[in-house]
Amino acid sequence: MSSLLTSLANVKEYLKIPTLTTTYDALLTNLVKRSGALLEKYMGRTILQATYTEYYDGDGKTKLLLNQWPIISVTELNMDNSRLFLTATQIQPSDYVIWNNVGYLELLKPLDYLSGIETAYGRFFIHGQQNIKVTYAAGYATVPDDVEQASIIHVAYLYNKAGSEGHISMSLGGLAKSYDRRAIPDEVAMYLEPYRRRPV
């Protein structure tokens, strides 16, 4: 579910539309929703706090990059090639580190998590398909100011394009047209750059 990254009131203030003028409220409200979905797709993550249960493929590495961040807390980290995810295969919090602001978990010591016996083969998320289960909370309590500013500008951009079908220029006589093909203008992308998903 995508976040609402700004409010109708803030968009109207930016567009200098009087508060009591409601002619375009329905359109702007829809654009706020659509903009939030598009910008979060661009960033590769959800902004506001929520709880997630997700399944990942083990890749033999010591770090597991989660889909959402900043990580607030981890309720369960479980690694089981049989995908039963019982209590016996849970990884204890003392056995991994949570890198909150970059959104990944890192195993601390070599354990065979299927038997609970310390081994010498190394600390890693064992290879498997959907063999890692993580239940965690992540996201921001409120939308960061720069993300909200990006959303406001983006909604205004979509609003001002309405009816123009993306035209940015037209030759004399209307025989040739050029189009703005960008779904997200450069100014908006600049604000969002620090929040985009990065590999570990």
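The values are calculated or read from the model by the stated rules, or taken from the named source; none is laboratory data. Being a predicted model, the structure only gives us computed values, none of them experimental. Glycine gets a Cβ as well: all are built from the backbone with ideal geometry, and neighbour counts include every protein chain shown.
If you go through the range 42-64 and keep only what is surrounded by fewer than 17 Cβ atoms within 10 Å (Cβ to Cβ), part of a strand (DSSP E or B) and not charged (D, E, K, R), you end up with 50, 51, 52, 53, 55. Per the conditions (1) modelled with pLDDT of 95 or more; (2) part of a loop (DSSP other than H, G, I, E, B); (3) of a type outside the set (S, T, N, Q), the sole criterion not satisfied by residue 74 is (2).
Okay, residues lined up against (1) in contact with a strand residue (DSSP E or B) (Cβ under 9 Å, 6 or more places away or on another chain); (2) without any contact (Cβ under 8 Å) to a residue 40 or more places away in the chain:
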position: 12; (1), (2): no, yes
position: 20; (1), (2): no, yes
position: 36; (1), (2): no, no
position: 48; (1), (2): yes, no
position: 72; (1), (2): yes, no
position: 76; (1), (2): yes, no
position: 90; (1), (2): yes, yes
position: 107; (1), (2): yes, no
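I'd like to check something: does the range 72-84 contain any residue that is within 27 Å of residue 140 (Cα to Cα) and under 17 Å from the mean Cα position of the chain (by Cα)? Within the range 72-84, one or more residues are within 27 Å of residue 140 (Cα to Cα) and under 17 Å from the mean Cα position of the chain (by Cα).
Among the numbered conditions (1) charged (D, E, K, R); (2) surrounded by 12 or more Cβ atoms within 10 Å (Cβ to Cβ); (3) modelled with pLDDT of 95 or more, the only one that residue 16 does not meet is (2).
If you go through the range 80-115 and pick out every residue that is of a type in the set (Lys, Arg) and modelled with pLDDT under 95, you end up with 1. Look through the range 154-186, keep the residues that are touching a helix residue (DSSP H, G or I) at 6+ places or on another chain (Cβ under 8 Å) and either under 17 Å from residue 41 (Cα atoms) or part of a strand (DSSP E or B) (or both), and return whichever of them is modelled with the lowest pLDDT. So the residue we want is 183.
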